[in-house]
Amino acid sequence: MEHGTTLTQFIIEEQRQVPGATGDFTSLLNDTLTACKKIACAVNRGGLIGILGSADTENVQGETQKKLDVISNDVMVDALEWTGHLAGMASEEMDDPLPIPAEYPKGKYLMLFDPLDGSSNIDVNVSVGTIFSILRAPEGCDNPTVEDFLQPGTQQVCAGYAIYGPATMLVLTTGHGVNGFTLDRSIGEFILSHPNMTIPEETGEFAINMSNQRFWEAPVKRYVDECIAGSEGPRGRDFNMRWIASMVAEVHRILTRGGVFMYPIDEKIKAKGQDGKLRLMYEANPMGFIVEQAGGAASTGRERIMEIQPNGLHQRVPVVLGSKNEVERVEEYHREA
Ligand code: AHG
Ligand code: MN
Ligand code: MN
Ligand code: MN
């Protein structure tokens, strides 16, 4: 049977073009893929082995963790701490950065991840995913501090996500476009199935949690009102709406057929003293990198996400991402407001 390019082969060939590449990054990515395959397996068997539902613990985000949030985090840590490629890791599910245990060698990269994105969907068998972002550790950094992780998104070496849907896929950028790979379970390998993913500039689809409508700021209200007015409004054409409540699934749809995704700041979020819902380091930056590499845009509505100087590991930001023209329109409405 003929199989296409595996993800490992793809990365090795890509890294051959990088002067001075040591193979460390290729190896790190391979270990990340293994973790994603293990999480795919746990998610897939969840209902059979009693690991759906709540873990009755709360994470630093103030969310009740699902059992699979905790399991997925453990899988990522176990798959990555021993490899010798990381100086440290940070996760949505861990209060502080995790240093590499003394018995293992330390490497030159920092890994940040959302081990299970969309976990509110896990019990209802709707797509979830894993999002990761790889940064270079500052020179000579042996035991990284929070500050070492606080690099703007433009510094990312790699960003990717795994989506556990009807098919398990891995979508990845190292700054040379975006490529999608589908897990072929018969051989246990991710195979290049979606080369050079690009987001159409124009779109007729928007994604936002409409139940927050009454809390939104004026520019977001205006944008969505105009979409809903459709052919009878200033846009002069009809729009369609989707909301999956898994950022990975929304971004994956946008990479496939265009669209705009928004989780803006609103009065409800402000009342909690937060600056957004989604996390800059584990969600907004990696997805921003992927979306930009696919020809789209990622903004807070006021600034480019990847240029934000982070001020905290668990910092939250408003997110508007997807087809370029729509994101620019939302930004324009913010400027005009
Ligand atoms: P997580 O499951 O990692 O905590 O992230 C959930 C995020 C994101 O994936 C999704 O877009 C959003 O929260 C859904 O929010 P609502 O529940 O407000 O719709
Ligand atoms: Mn969460
Ligand atoms: Mn998430
Ligand atoms: Mn999560």
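For the chain, take the longest principal axis of its alpha carbons; what is the angle in degrees between that and the long axis of helix 218-229, to the nearest 10 within 0 to 90?
70
Could you give the size of the charge dipole of the chain about its Cα centre, using +1 on the Cβ of each K and R and -1 on the Cβ of each D and E, expressed in debye and rounded to the nearest 20?
Value, rounded to 20: 560 debye.
At a threshold of 8 angstrom on Cα-Cα distance, excluding pairs fewer than six apart, so keeping six or more, what relative contact order does the stretch 1-123 reach in percent? Don't jump to the answer; show the numbers that get you there.
Numbers: 152 pairs, mean separation 25.9, N = 123.
Relative contact order, the stretch 1-123: 21 percent.
GNM on the chain, C-alpha springs below 10 Å: top fluctuator among GLY46, GLY259, GLY20?
In the Gaussian network model the winner is GLY20.
Which of these, ALA271, ALA207, ALA42, has the largest mean-square fluctuation under a Gaussian network model of the chain (Cα springs below 10 Å)?
ALA271
Report the full-extension gain for the segment ALA21 to GLN9: residue separation times 0.36 nm, less the Cα-Cα distance, to one decimal in nm. Spell out each step's value before the answer.
Numbers: separation 12, 0.36 × 12 = 4.32 nm, distance 1.51 nm.
Extending this stretch completely gives an extra 2.8 nm.
Mind checking which aspartates and glutamates have their C-alpha under 13 Å from LYS270, skipping anything on the same chain fewer than 8 residues away?
GLU217
If you take the beta carbon distance between ASN143 and ALA229 as r and set R0 to 41 Å, what does 1/(1 + (r/R0)^6) give as a FRET efficiency, to the nearest 0.05?
Details: r = 55 Å, r/R0 = 1.35.
E(calc), rounded to 0.05, equals 0.15.
Which of LYS221/LYS268; LYS221/LYS277; LYS37/LYS268; LYS38/LYS277 have a Cα-Cα distance over 25 Å?
LYS37/LYS268; LYS38/LYS277
Averaging sequence separations of C-alpha pairs under 8 Å and six or more residues apart, then dividing by the length of the chain, give the relative contact order as a whole percent. Intermediate results must be reported in sequence, preceding the final value.
Details: 720 pairs, mean separation 51.7, N = 337.
Worked out over the chain, it gives 15 percent.
With springs only between Cα atoms under 10 Å, which of ALA159, ALA229, ALA294 fluctuates most in a Gaussian network model of the chain?
Between ALA159, ALA229, ALA294, it is ALA229 that shows the largest mean-square fluctuation.
List VAL146, VAL320 from most exposed to least, where exposure is judged by having the fewest other Cβ atoms within 10 Å.
Least crowded to most crowded, the residues run VAL146, VAL320.
Quickly work out the TRP82-to-TRP243 label distance, labels modelled 7 Å from Cα along the C-beta direction, and quote it in nm with one decimal.
Spacing of the two 7 Å Cα→Cβ label points: 4.4 nm.
For the chain, build the convex hull from the C-alpha positions and give me its volume per residue in Å³. Numbers along the way, then the final one.
Details: hull volume 48.1 nm³, N = 337.
Taking the convex hull of the Cα positions in the chain, it is 143 Å³ per residue.
Starting from the Cα of LYS272, step 7 Å along the direction of its Cβ; do the same at ALA102; then give the gap between the two resulting points in nm.
3.9
Between ARG45 and GLU202, how many nm apart are label points set 7 Å from Cα along the C-beta direction?
Once both label points are built, they end up 4.9 nm from each other.
Quick one: Cα centre-to-centre distance for the stretch 211-260 and the stretch 68-122, in angstrom?
The stretch 211-260 and the stretch 68-122 have Cα centres spaced 33 Å from each other.
Which length gain, in nm to one decimal place, applies between SER120 and GLN155 when the Cα-Cα distance is subtracted from 0.36 nm times their residue separation?
Details: separation 35, 0.36 × 35 = 12.60 nm, distance 3.04 nm.
Contour length minus Cα-Cα distance gives 9.6 nm.
If I fit a long axis through the Cα atoms of helix 324-336 and take the longest principal axis of the Cα atoms of the chain, what angle between them do I get, 0 to 90°, rounded to 10?
60
Report, to the nearest 10°, how far helix 24-45 tilts away from the longest principal axis of the Cα atoms in the chain, using its own Cα long axis and a range of 0 to 90°.
It is inclined by approximately 70 degrees.
May I ask you to work out the translational diffusion coefficient for the stretch 259-337 at 20 °C, viscosity 1.002 mPa s, via Stokes-Einstein with Rh from the Kirkwood sum over Cα pairs, reported in whole µm²/s?
Roughly 172 µm²/s, to the nearest whole number.
For a footprinting-style exposure proxy, rank LEU86, LEU278, LEU192 by other Cβ within 10 Å, fewest first. Don't skip to the end; give the middle numbers.
On the way: LEU86 26, LEU278 19, LEU192 16.
The order, fewest Cβ neighbours first, is LEU192, LEU278, LEU86.
Sort HIS252, HIS176 by Cβ crowding within 10 Å, fewest neighbours at the top.
Going from least to most buried by this count: HIS176, HIS252.
Would you kindly compute the Cα radius of gyration of the stretch 197-337 and its largest Cα-Cα separation (Dmax), both in Å?
14.0, 44
Test of understanding: what is the full-extension gain from ASN212 to ARG302, defined as 0.36 nm times their sequence separation minus their Cα-Cα distance?
Result for the pair: 30.4 nm of gain on full extension.
Laboratory data are not the source of any read-out in this text; all were calculated from the coordinates shown. Note that the coordinates shown come from a computational prediction; the quantities given were computed from them, not determined experimentally. Backbone-built Cβ (ideal geometry, glycine too); neighbour counts: all protein chains shown.
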